[in-house]
Structure formats: C-alpha cells, structure tokens
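Trainee: Handing you this structure, nothing more for now.
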Amino acid sequence: MKAVSRRLSLSAASTRGRARRPGLGRKGKSRPGASARRARAPAWERSRFAGRGRQGAARSCGVWARGRAVARGRKWRRAGAPAAGRSGRRRSGRAEPAVLLSDAPPARTAVAMSSVSPIQIPRRLPLLLTNEGVLLPGSTMRTSVDSARNLQLVRSRLLKGTSLQSTILGVIPNTPDPASDAQDLPPLHRIGTAALAVQVVGSNWPKPHYTLLITGLCRFQIVQVLKEKPYPVAEVEQLDRLEEFPNTCKTREELGELSEQFYKYAVQLVEMLDMSVPAVAKLRRLLDSLPREALPDILTSIIRTSNKEKLQILDAVSLEERFKMTIPLLVRQIEGLKLLQKTRKHKQDDDKRVIAIRPIRRITHIPGTLEDDDEDEDNDDIVMLERKIRTSSMPEQAHKVCVKEIKRLKKMPQSMPEYALTRNYLELMVELPWNKSTTDRLDIRAARILLDNDHYAMEKLKKRVLEYLAVRQLKNNLKGPILCFVGPPGVGKTSVGRSVAKTLGREFHRIALGGVCDQSDIRGHRRTYVGSMPGRIINGLKTVGVNNPVFLLDEVDKLGKSLQGDPAAALLEVLDPEQNHNFTDHYLNVAFDLSQVLFIATANTTATIPPALLDRMEIIQVPGYTQEEKIEIAHRHLIPKQLEQHGLTPQQIQIPQVTTLDIITRYTREAGVRSLDRKFGAICRAVAVKVAEGQHKEAKLDRYDVAEGEGGREHILEDAKPESISDTTDLALPPEMPILIDFHALKDILGPPMYEMEVSERLSQPGVAIGLAWTPLGGEIMFVEASRMDGEGQLTLTGQLGDVMKESAHLAISWLRSNAKKYHLTNASGSFDLLDNTDIHLHFPAGAVTKDGPSAGVTIVTCLASLFSGRLVRSDVAMTGEITLRGLVLPVGGIKDKVLAAHRAGLKRVIIPQRNEKDLEEIPGNVRQDLSFVTAGCLDEVLNAAFDGGFTVSTRPGLLNSKL
Ligand code: ADP
C-alpha cells in the first residue's frame with residue numbers, strides 16, 4: 001500500500017486543475033455573496049475560504065469542507081447534476097458545497113445527522129481492512145484492494161452504490177485481510193477511521209484489483225460486528241466530536257496550553273523550510289487557518305513517523321493525549337532537520353539549495369496527506385546513495401556521470417518512470433567493484449596439488465593451466481591469451497575453470513552463453529528504453545563484487561545470431577586484452593576496466609566459434625576419457641560425491657569396479673562422465689530408500705526384541721543374508737550393510753542395459769565397414785553400408801550427408817572403378833565396369849544426425865570393395881582417413897576421440913592415416929596396448945589391413961564369401 005500525498009508542491013496550474021476534480025472541493029469561483037459569507041463564517045470555516053487562494057484549495061481543506069458538509073447534513077450533489085441537484089446545492093446555502101464522486105448520480109442525503117456533533121457518520125459502516133499504512137482523519141491515502149472481502153466491499157458499495165453514504169467506509173488499520181473470504185475474520189483493530197472513498201481505479205483483468213483513494217474523516221470505535229460476509233459491517237461509535245472538547249479533556253485552559261505549544265513547534269518546523277517555495281508558504285498559512293484540534297492528525301501524517309506511531313496517534317482518542325503524543329514527534333523532526341542542515345553546511349551553494357528543497361519535497365505533500373514510510377525511506381535512500389557516490393572509488397568519468405544523475409534524480413517526482421530507472425542505474429554504479437579486488441595467492445605447487453586432487457587424468461589440460469598460472473606468478477599484469485577448453489560434454493571443462501579460480505583465490509562466476517543471440521545480453525541495453533539492464537558481464541561483476549574474478553564463458557560455440565545483433569562480435573571487445581580495459585556497457589555508458597578479469601571459455605567444438613573470436617583464444621583440447629580413466633574418476637570423485645549428496649556412507653553401499661565398468665559400457669555411451677555420474681545418482685537414491693527402510697525396520701525389530709527376547713532376533717537374522725539390493729526387495733529384515741551393487745542390482749535400478757555390442761552381428765555380410773567419426777560429443781563408431789542392384793549406374797546416398805561426404809563417396813567409386821581390374825572387383829554380371837547396369841546405394845545409419853567431413857573416405861572405399869569383392873570386412877576393425885583420387889590416404893582430426901570410441905566399442909584394430917601417427921602419443925598406454933594400429937599411406941594398405949589375409953590380387957582367388 002502506498003499513501004499518496006497531496007501535493008501542494010505542484011505548480012499553481014496543476015493544483016488548480018486538481019482542485020476542480022470531483023471530490024476535491026471546487027475551486028473558489030467567486031459567486032455573489034461569497035465574501036459576505038466568508039465574513040460570517042466561524043474561524044475555521046474562514047480558514048477554509050482562506051485556503052482557497054489563487055492557487056486553488058489545499059485538499060485538506062476540501063476534506064474538511066466535506067467533513068463539515070456531512071456533519072451539517074448538507075446534501076452533496078454531483079457536479080453538474082440536474083436541476084434538482086443544483087437546487088439542492090442552492091438550498092444548502094453554501095458558497096462551496098462539497099462535491100460528490102463524479103460518477104455517482106445525484107443523491108439524497110444519506111448520512112445520519114446530528115444537531116449536536118459537527119461530524120456525524122452512519123451508525124453502521126462497512127469495514128475496509130488494511131494492513132499497511134494508517135489513515136488518520138484529515139489525510140488521504142491510496143490503498144490497494146485485492147483480498148476477497150475488500151473486493152466485495154468495493155464492488156457492492158463503491159461500484160454499485162449510488163448514494164453518498166455508500167462512499168463512506170470504516171478503515172480498520174493494522175488488520176491483515178485474509179486472502180479468501182472462506183477464512184475467519186481476523187481480530188479487528190479497536191479503532192478505525194471513517195473515510196470517504198474519493199476515487200476507485202482498477203481492472204478485472206487478469207485478476208480483479210482496485211486502488212482506492214480514501215480520505216479520513218474521523219475516528220470511530222467498533223461496538224459490534226454485525227456481519228462478516230461478503231464483507232464485514234459493524235455498528236460503530238463515533239469518537240471524534242471535535243467541537244466538544246470538554247468531554248474528552250480536562251479543561252480548556254490546559255488544552256489551550258498544549259495546543260499552543262504544539263502550534264509553536266509546528267510553526268518552528270515549517271519555518272525551517274524554504275519559505276520561498278509556494279507550498280511551504282501555503283502550509284504556513286494553513287497552520288493558522290486550520291482548527292488546532294485537527295493539527296495533530298494532519299502533522300503526524302506529514303512528518304516522518306512510523307506506522308506504529310501513527311497507530312498510537314489514531315488510538316489516542318482524547319485530544320489532550322493526542323497533543324501530548326504528537327509534540328515529541330514534532331520535536332524529533334525539528335532536531336532531525338537541524339542535524340541535516342548542520343551536516344550539509346560545508347557543502348557548496350547549490351548543494352545548500354538541495355538541502356533546503358529536500359525537506360520541502362517532503363513537506364510539499366503536506367496538507368491533509370499521509371506520508372508513507374516507503375516514501376521517507378526513498379528519500380533517505382537517496383541521501384545514502386549520494387553519500388555512497390561521494391565515497392565510492394569509481395573513476396572520475398563515472399563519478400561525474402553519477403553526480404549529474406543524482407542531481408536529476410532529486411528534482412524528479414517519484415512517480416515518473418524515469419525516477420526508478422535513474423535510481424537503479426545509480427545503485428548499480430555504486431555497487432560495481434570499480435576498485436575492489438581480491439589478492440591473488442599464487443603458489444604453483446599448491447595449484448598443482450589442488451588440480452590433481454580435484455581432477456583425475458586430463459594431464460595436457462592441467463599442464464597448460466599450470467603454465468598459465470606460472471607465467472601469471474612471474475608477471476603480475478599478464479595480458480595473456482584467453483584460454484578456451486574445447487571438448488565433449490562432461491569431461492570437466494567447467495570444473496577445471498572452477499579449480500583455477502580456487503587455486504588463485506579468486507571469485508568464480510559462470511556466464512552461460514548457449515543460445516544467447518542478442519548482443520545486448522553481453523553489452524547491455526541502452527538506458528533509453530524501459531526494462532533496460534546491463535549485460536551479463538557487468539551483472540556478473542556486480543554479483544561477485546570484485547573486479548578480478550574468474551569468468552567462465554560457457555559454451556561459446558553455441559552463441560546464436562539474430563536481428564538484435566551478433567553477440568560474438570560483442571564478446572570480441574570483452575575478450576581482447578588490448579581493448580577490454582575500457583569496455584563500455586551500453587547501460588552503464590561509461591568504461592569499465594575488465595583487464596583484471598580472467599576469462600576462460602569452454603566449447604564443444606571450434607567449428608562454430610566465429611573465426612575472429614577463435615583468434616583471440618588459445619584452444620586447449622580436452623578429449624574424452626578411456627574406460628579405465630572413467631573407472632578411476634568414478635571411484636575417486638563421482639561415487640564419493642554422490643554418496644555425500646545422498647547422505648550415504650561407504651559402510652552402507654559398495655560399488656565394485658566391475659559394476660562401474662558395466663555401467664560405463666552398457667548404460668552409457670559418452671566421452672565424458674556426466675551420465676555416468678547421473679547413473680550413480682540413481683543407484684544412490686535406490687540405496688538410500690533401502691537404508692532408510694532398513695533403519696525403520698531395525699527400529700521395529702528392536703521393539704520386537706524387547707518383547708520377544710534376544711533369541712528370536714538371532715534366529716531371524718540367520719535365515720536372511722541379503723547379498724545385493726535386488727535380493728532385499730521384499731525382505732522383512734533390513735538389508736545387510738554394505739549393500740553390494742552387482743549386475744542384478746544394476747538391472748533392478750537402471751533397467752535392462754541400454755547398449756549392447758552389436759559390431760560382429762552387423763558385419764556378417766559383405767558391404768559393411770566401420771568408420772570412426774568425430775562429433776562435438778566425442779568420438780563415435782559409424783557403420784557404413786552399401787548395396788547394389790540392377791540399374792543405370794546411379795549412386796544413391798542416404799543418412800543426411802554433407803557435401804564433403806558426398807564428394808568422398810564419388811571419389812571412392814571412381815577410385816574403385818579405376819582399380820577394379822587390379823583387385824578383381826566385378827559387378828553382378830561379372831563385368832569390371834562396376835556401374836554397368838548397376839545402381840549403388842550407400843547408407844550411413846543414424847540418419848537423423850547430419851554427417852559431414854572427409855574422414856569417411858577410406859571407410860567408403862572399404863565398404864564398396866567388400867560389396868564388389870563379396871568379401872567380409874574384419875569385424876574388429878575400424879578406420880578413418882581422407883582419400884584422394886589417386887588412392888592416397890590423407891590425415892584427419894580427432895584421432896584420440898576416435899580411437900577411444902573404437903576402444904569403447906571393443907574393436908581391436910584401428911586404421912589411421914600415416915601422417916596421423918604422431919597423434920597416437922596422446923592415446924593412453926592401456927588403450928594402445930588393447931588396440932593394434934595400422935598406419936596407412938595409401939588405399940592398398942587400408943584394404944590389406946581391413947580384410948582377413950589382405951586384399952591384394954594374389955589373395956583374391958577362392959576368397960569369395962570367405963566368412964560365409
Ligand atoms: P563440462 O563442463 O566439460 O561439460 P563438467 O565440468 O560440468 O563438464 O563436469 C561434469 C562432472 O564430471 C563434474 O561433476 C566434474 O567434477 C566431473 N568430472 C569430469 N572430469 C573429471 C575428472 N577428470 N576428474 C574428476 N571429476 C571429473
């Protein structure tokens with residue numbers, strides 16, 4: 001809820017405009033006899049006239065006028081109502097009749113009247129329950145309505161009601177309204193404020209919500225709640241009988257003294273403000289013209305008070321008590337202002353003016369309004385913000401911008417959209433770590449130990465990272481290259497980035513770039529448009545709070561492009577050590593030095609990284625793991641981590657290495673260890689259930705023991721000795737610890753194996769060969785199948801192939817055709833012209849995946865050679881290599897990943913191009929031992945290695961269908 005202050009601070013014109021608005025009292029259109037009436041009117045009434053100066057009536061006077069009008073039983077008529085209404089107004093005999101809500105039809109007097117008390121509210125009031133803000137008589141506030149009961153009240157009283165009476169509500173403060181009307185009415189605060197609903201704004205979509213502008217009339221006390229649904233209605237007793245003070249206070253003299261004292265403080269407070277501001281001058285006049293009894297309520301709502309204090313003032317029914325309670329509040333405000341002025345004395349002239357204006361800003365909302373705590377806090381926040389700007393260590397240029405912006409902010413009304421925008425901007429500026437950094441603790445030996453402890457294997461990566469750190473140790477302000485770890489998912493790229501931050505003692509922040517296709521994501525939006533915000537880099541800096549964190553730019557290869565610009569281009573500036581010391585985010589619009597930030601990028605492939613970006617990074621390949629490495633990683637890191645996450649101990653679960661191998665080979669097919677990790681998670685969850693159940697059963701058994709004695713328990717335990725989780729499923733006894741995860745348990749938990757070795761089955765016919773492919777997800781084996789049929793020499797290729805792959809297929813056929821005689825390759829009719837009356841179909845399975853690249857050349861040749869010779873390719877051989885028309889085999893990339901894939905698939909022989917021999921050094925020793933490598937310089941060698949007994953001419957006779 002936000003109390004809306006009546007703003008005397010507005011210009012004369014706007015005040016005038018508002019004064020004409022319904023419900024605010026009509027502007028003093030001087031009519032004949034008005035001055036005479038003014039002279040006749042009692043003091044407080046005269047003040048009402050006085051309040052309506054050239055600049056329009058202060059709203060609080062309007063409130064008063066209305067209050068009095070109601071009190072005297074005057075009929076309120078809608079402005080511009082039909083003749084009857086107008087005559088009614090005439091009958092009222094007042095120059096300034098109060099005006100009813102503009103949308104209500106002319107109404108008869110519906111307010112109960114009393115000739116004794118000046119203000120008489122109805123005996124029965126519908127209750128509006130509020131919880132934030134306290135409405136005091138004589139002030140106005142805006143309150144939002146969204147609970148069921150309050151909504152009902154608004155609908156049936158304000159939106160449907162046609163009488164003046166229907167616009168009078170009892171506002172009960174400090175009482176949260178239950179969201180649904182099914183709930184009981186909460187305990188109601190004893191005293192409330194009768195209020196006039198001046199305005200209802202709202203909508204029914206997407207859900208009903210209204211905002212009420214309500215004006216406090218007088219206090220009342222609940223005598224009895226008459227009904228609770230659909231909205232509460234209570235019989236009330238009016239408490240403010242303003243002209244009958246003797247009833248509520250001891251003597252007039254005593255009150256006179258108190259009110260005099262109060263008045264003096266009020267005058268002192270107002271005079272501390274800048275009288276040249278019209279609103280302040282008006283307030284000063286109002287102090288004289290308003291009845292003294294009204295001042296405590298009105299001033300309490302103006303000065304800085306908490307809701308609790310306002311509530312106490314509301315509860316102070318006795319006027320004497322009210323004066324007594326308000327005086328200390330006034331004194332506090334005066335002291336506060338004095339202090340503020342003192343602390344700002346040293347400031348320059350224009351700053352002084354700001355000091356003068358600031359309290360005035362507050363006062364400008366004064367007459368007859370409540371000022372909400374929020375607003376006060378806002379003002380205080382701005383003072384704080386200003387102080388922060390002054391004390392912050394931002395560069396001069398940024399400082400200048402901030403000073404300029406805060407000056408603008410102070411002059412802006414809070415309701416302006418730009419206010420929030422500017423404030424957010426300034427808050428970001430002071431929060432940014434312009435000069436805050438952590439001290440690097442660089443100890444290469446410690447870094448090595450930490451990296452080794454956190455990660456198994458990945459020697460090459462660790463070596464390069466250590467080199468990088470060592471150079472940093474020697475040269476502090478290294479403008480080094482940006483490291484980019486490239487490798488399949490789940491191989492620990494992100495995790496190494498985090499370790500680097502840990503070794504350096506720096507903050508770590510990950511920026512996920514996958515799918516980012518708007519350059520404003522990197523560089524921020526310009527502040528000219530609503531909803532603008534800084535980019536991810538500046539946001540990241542704000543989050544970590546230091547200017548030298550480690551930023552991990554995750555998935556740089558997955559940056560998109562769209563109409564909103566190219567984020568990769570924006571990254572260029574961020575990553576270029578030559579430029580990033582004055583990186584300018586569009587939102588900040590001032591340069592920020594990024595040179596202390598250590599950027600590490602990760603990607604699955606370099607193919608999709610824009611060349612300009614690639615140029616600024618040093619690529620470090622992180623290949624997939626071998627089975628043995630995976631087993632080690634699993635047992636050293638993944639399993640302990642999962643056990644900890646699931647609250648298990650090694651005494652409760654045991655996963656032998658064979659089981660891990662089973663999971664690796666039969667439940668996962670990946671280069672990294674992410675899904676392996678997930679599988680362990682699944683196992684731990686299943687075991688956790690068993691362990692928890694076991695504890696439960698144990699507890700039960702203990703109870704049983706107590707009943708049955710020791711003997712019974714031993715007997716039961718002897719019978720049941722569960723071996724693995726699968727055996728324990730339905731046992732009445734807790735499983736024996738540790739729970740052993742064997743193959744059966746695996747099947748129970750993870751289901752039947754997902755991958756089976758299918759290699760030998762698939763190679764049981766001629767015309768199939770195994771190639772090795774590289775994908776961003778690691779290496780893979782790929783079956784190439786060929787078949788021939790009668791036709792006209794056409795080649796059909798299927799399996800979503802790229803252009804390069806298609807070219808390889810054509811090359812392979814041409815080479816085979818030209819060497820058909822040499823190898824005795826014939827078509828179905830025995831002719832050496834292989835395509836004579838023959839069509840060939842080549843298929844690369846997994847048709848949904850697009851495949852491209854030259855490395856399938858040797859595989860296609862082998863596959864077709866098998867087809868035309870009718871011989872089977874060895875079922876344990878896989879190959880990779882690009883071919884030329886002359887039959888040479890050219891080197892290809894990704895050898896390590898491909899070899900690992902062959903190893904995973906259980907193959908024994910791998911044919912690679914001769915010039916890739918050097919890449920074999922990267923292959924872990926155990927894999928090299930398991931595999932035999934054939935390095936081929938030409939296709940002859942490939943074919944010889946791919947077929948049992950070679951493929952030379954001499955071996956040809958009698959070898960048709962040798963394996964069949
Ligand atoms: P990436 O960023 O390459 O996709 P992550 O860094 O997210 O992979 O690694 C996935 C999980 O595998 C992490 O929990 C990580 O700790 C673990 N992991 C990967 N490689 C290793 C390794 N060599 N040693 C220990 N844990 C590893």
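The values are calculated or read from the model by the stated rules, or taken from the named source; none is laboratory data. Every value quoted in this text rests on a predicted model; they were computed, and no experiment measured them. All Cβ positions, even for glycine, are placed from backbone atoms using ideal geometry, and neighbour counts span all protein chains on display. Just the protein is used for accessible areas: all its heavy atoms, side chains included, with ligands, DNA and RNA removed. Shrake-Rupley method; radii C 1.70, N 1.55, O 1.52, S 1.80 Å.
Trainee: Just to be sure, is GLY711 modelled with pLDDT of 85 or more and out of contact with any Asp or Glu (no Cβ under 9 Å at 6 or more places or on another chain)?
Mentor: The answer is no for GLY711.
Trainee: Among all residue pairs at least 6 apart or on different chains, which show Cβ distances below 8 Å where the first residue, located in the range 532-554, is without any contact (Cβ under 8 Å) to a residue 40 or more places away in the chain and the second is of a type in the set (A, V, I, L, M) and in a helix (DSSP H, G or I)?
Mentor: As it stands, the answer is ARG536/ILE522, since those pairs meet every condition given.
Trainee: Here is a list of conditions, (1) over 22 Å from ARG322 (Cβ atoms); (2) at pLDDT 85 or above, and SER163 meets all of them except one; can you say which number that is?
Mentor: Condition not satisfied by SER163: (2).
Trainee: Out of all the residues in the range 310-324, which are acidic (Asp, Glu) and open to solvent by less than 40 Å² (accessible area, probe 1.4 Å)?
Mentor: Residue satisfying the conditions is GLU320 alone.
Trainee: Just to verify a result, which residue in the range 446-459, among those that are over 18 Å from PRO924 (Cβ atoms) and more than 35 Å from the chain's Cα centre (by Cα), is least open to solvent (accessible area, probe 1.4 Å)?
Mentor: The residue in question is ALA446.
Trainee: Within the range 625-645, is there a residue that is open to solvent by less than 40 Å² (accessible area, probe 1.4 Å), more than 30 Å from LEU428 (Cα to Cα) and more than 13 Å from the ligand (Cβ to nearest atom)?
Mentor: There is at least one residue in the range 625-645 that is open to solvent by less than 40 Å² (accessible area, probe 1.4 Å), more than 30 Å from LEU428 (Cα to Cα) and more than 13 Å from the ligand (Cβ to nearest atom).
Trainee: Can you run down the residue pairs with Cβ atoms below 8 Å, 6 or more apart or on separate chains, where the first is in the range 410-425 and closer than 17 Å to LYS400 by Cα and the partner is in a loop (DSSP other than H, G, I, E, B) and of a type in the set (Lys, Arg)?
Mentor: What qualifies is TYR425/ARG527.
Trainee: On to the next question. In the set THR248, THR215, which member is at pLDDT 80 or above and among the hydroxyl-bearing types (Ser, Thr, Tyr)?
Mentor: THR215
Trainee: Mind telling me which of the residues THR167, THR143, THR211, THR193 ends up being over 23 Å from GLU237 (Cα atoms), crowded, with 20+ Cβ neighbours inside 10 Å and of a type in the set (Ser, Thr, Tyr)?
Mentor: Every option except THR143 fails the conditions.
Trainee: So, in the range 586-607, of the ones that are away from the ligand (no atom under 16 Å from the Cβ) and of a type in the set (Gly, Ala, Ser), which residue ends up nearest to GLY505 (Cα to Cα)?
Mentor: SER595
Trainee: Here is a list of conditions, (1) within 16 Å of the ligand (Cβ to nearest atom); (2) touching a strand residue (DSSP E or B) at 6+ places or on another chain (Cβ under 7 Å), and GLU618 meets all of them except one; can you say which number that is?
Mentor: Checking GLU618 against (1) within 16 Å of the ligand (Cβ to nearest atom); (2) touching a strand residue (DSSP E or B) at 6+ places or on another chain (Cβ under 7 Å), the one that fails is (1).
Trainee: Working only within the range 481-523, note down all residues that are within 16 Å of the ligand (Cβ to nearest atom), in a loop (DSSP other than H, G, I, E, B) and either surrounded by 21 or more Cβ atoms within 10 Å (Cβ to Cβ) or on the phi > 0 side of the Ramachandran plot (or both).
Mentor: Listed by number, the residues that qualify are GLY487, PRO488, GLY490, VAL491, GLY492, LEU513, GLY515.
Trainee: Being crowded, with 18+ Cβ neighbours inside 10 Å and in a loop (DSSP other than H, G, I, E, B): is that true of LEU842 here?
Mentor: Judged against the criteria, LEU842 is not a match.
Trainee: Let me ask something additional. Just the residues that are open to solvent by 70 Å² or more (accessible area, probe 1.4 Å) and within 10 Å of the ligand (Cβ to nearest atom), please, taken from the range 460-480.
Mentor: Of everything in the range 460-480, nothing turns out to be open to solvent by 70 Å² or more (accessible area, probe 1.4 Å) and within 10 Å of the ligand (Cβ to nearest atom).
Trainee: Ok, one more. So which residues in the range 574-611 are surrounded by fewer than 17 Cβ atoms within 10 Å (Cβ to Cβ) and part of a helix (DSSP H, G or I)?
Mentor: HIS581, ASN582, PRO611
Trainee: Residue pairs, Cβ under 6 Å, 6 or more apart or interchain, first in the range 790-804 and farther than 11 Å from PRO845 by Cα, second assigned to a loop (DSSP other than H, G, I, E, B) and open to solvent by less than 60 Å² (accessible area, probe 1.4 Å). List them.
Mentor: Matching pairs, first to second residue: GLY793/LEU835; VAL804/GLY853.
Trainee: Run down LEU900, LEU885 and say which single residue is assigned to a loop (DSSP other than H, G, I, E, B) and of a type outside the set (Gly, Ala, Ser).
Mentor: When all the criteria are applied, what remains is LEU885.
Trainee: So which residues in the range 428-456 are within 16 Å of the ligand (Cβ to nearest atom) and basic (Lys, Arg), if there are any at all?
Mentor: Selection gives ARG448 alone.
Trainee: Looking only at the range 537-558, how many residues end up being assigned to a helix (DSSP H, G or I) and open to solvent by less than 10 Å² (accessible area, probe 1.4 Å)?
Mentor: Total satisfying the criteria: 5.
Trainee: Could you please find all residues in the range 615-628 being part of a helix (DSSP H, G or I) and either at positive phi or touching a residue at least 60 places away in the same chain (Cβ under 8 Å) (or both)?
Mentor: Those that are part of a helix (DSSP H, G or I) and either at positive phi or touching a residue at least 60 places away in the same chain (Cβ under 8 Å) (or both): GLN627, GLU628.
Trainee: Kindly list, by first and then second residue, each pair from a residue in the range 646-675 that is more than 15 Å from LYS690 (Cβ to Cβ) and more than 14 Å from the ligand (Cβ to nearest atom) to a residue that is open to solvent by 20 Å² or more (accessible area, probe 1.4 Å) and charged (D, E, K, R), limited to pairs with Cβ atoms under 8 Å and residues at least 6 apart or on different chains.
Mentor: Final answer for the pair search is PRO656/ASP742; THR659/ASP742; ILE663/LYS679; THR665/ARG904; ARG666/GLU756; TYR667/LYS679; ARG669/ARG904.
Trainee: Scan the range 272-290 and give yes if some residue there is open to solvent by 10 Å² or more (accessible area, probe 1.4 Å), among the hydrophobic types (A, V, I, L, M, F, W, C) and without any contact (Cβ under 8 Å) to a residue 40 or more places away in the chain, otherwise no.
Mentor: The answer is yes, given that some residue of the range 272-290 is open to solvent by 10 Å² or more (accessible area, probe 1.4 Å), among the hydrophobic types (A, V, I, L, M, F, W, C) and without any contact (Cβ under 8 Å) to a residue 40 or more places away in the chain.
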